[in-house]
Amino acid sequence: MRFDVMNYRSSDHNEDALLADRKLRAIAFDLDGTLVNTVPLHALSWIETCRRLGLPAPSMDYVLTLMGLRALDIARKLCGDENAEKGLKVKNEIYLSLLNNARAIDGAPEVLRVLKDKGFMIGIVTSSSRHVALRVLEVTGLLKYIDAVIAGDDVDKGKPDPEPLIKLLTIFGLGVDEVAVVGDSKYDVEMAINAGVRIIFFLGDSWDPRVISIKDLRDVVRYLDINSILH
């Protein structure tokens with residue numbers, strides 16, 4: 001099933017984001033910080049990992065700048081190449097122990113439900129390890145809405161390289177003009193642009209006129225002019 005995307009303006013009133021005559025069949029979401037509130041848990045887990053490995057503990061501010069990169073690439077930056085694999089294993093163990101505190105972002109279940117009801121394929125493109133991402137989706141009750149997941153350990157090159165998104169599109173059998181991307185980091189935006197995607201939603205204030213700034217996940221449904229009521 002295909003859906004025409006209506007014309008609209010970005011929420012920050014920048015240039016018109018004219019999307020007439022484009023046909024969407026899928027929405028690719030980032031996971032952490034976009035659908036689930038797990039970014040602080042990831043950051044705390046990385047800091048504790050460095051402590052356990054006897055490495056200097058990085059600041060929270062620095063770790064947050066790395067969020068969106070592939071987990072193994074973060075491990076290399078924080079733990080060094082020689083400790084990266086071990087660091088990632090320790091980090092994932094710590095992170096999984098904190099998941100009782102994980103929650104879906106406000107509006108995420110409703111938005112995914114509406115999109116699925118309208119026939120869109122829903123994909124996740126995440127920098128987290130696959131078993132970690134699947135567990136988060138399960139804990140937050142979002143897994144039932146997801147058609148495919150591309151995780152950091154599914155690719156050779158993570159965000160901002162386009163490989164994860166291209167791999168998702170290959171699974172779906174779609175082209176870049178048939179997908180919209182939703183994310184909350186510059187790495188999500190750069191991945192989408194590098195892949196040639198034209199419809200990119202950014203949770204926050206975007207620095208790029210090609211990106212549609214949104215304040216709430218429900219804005220995705222509103223911009224796509226889907227006539228469904230979000231409860």
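What follows is calculated from the coordinates using simple rules that are stated; it is not laboratory data. Since the model is a prediction, treat every value here as computed from it, not as a measurement. Reconstructed Cβ throughout: ideal geometry from the backbone, glycine too, with neighbour counts over all protein chains shown.
Quick check on the exposure proxy: order Asp225, Asp188 from fewest to most C-beta atoms within 10 angstrom.
Ranked by crowding around the Cβ, least crowded first: Asp225, Asp188.
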Report the charge-dipole magnitude of the chain in Debye, nearest 20, computed about the Cα centre from +1 at each Lys and Arg Cβ and -1 at each Asp and Glu Cβ.
500 debye
Coarse-grained scattering of segment 39-101 at q = 0.12, 0.15, 0.29 Å⁻¹, given as base-10 log I(q)/I(0) from a Debye sum over alpha-carbon atoms:
-0.23, -0.36, -1.42
Taking +1 at the Cβ of each Lys and Arg and -1 at the Cβ of each Asp and Glu, which of Val189, Pro162, Trp46 sits farthest along the dipole of the chain towards its positive end, judged by Cα position relative to the Cα centre?
Trp46
Excluding residues on the same chain fewer than 8 positions from Lys215, give the lysines whose Cα lies under 21 Å from its Cα.
Lys186
Environment charge at Gly68 (Cβ cut-off 11 Å; Lys +1, Arg +1, Asp -1, Glu -1):
-3
Using amide H atoms built 1.01 Å from N in the peptide plane, name the residues 5+ places from Val36, or on other chains, whose amide H lies under 5 Å from its own.
Ile105
The answer for Phe29, listing residues at least 5 apart or on another chain whose modeled amide H is closer than 5 Å to its amide H, is Gly123, Ile124, Val125, Val182
Can you give me the long-range amide H partners of Ser213? Hydrogens built in the peptide plane at 1.01 Å from N, cutoff under 5 Å, separation of 5 or more residues or another chain.
Ser11, Asp12, Phe202, Ser206
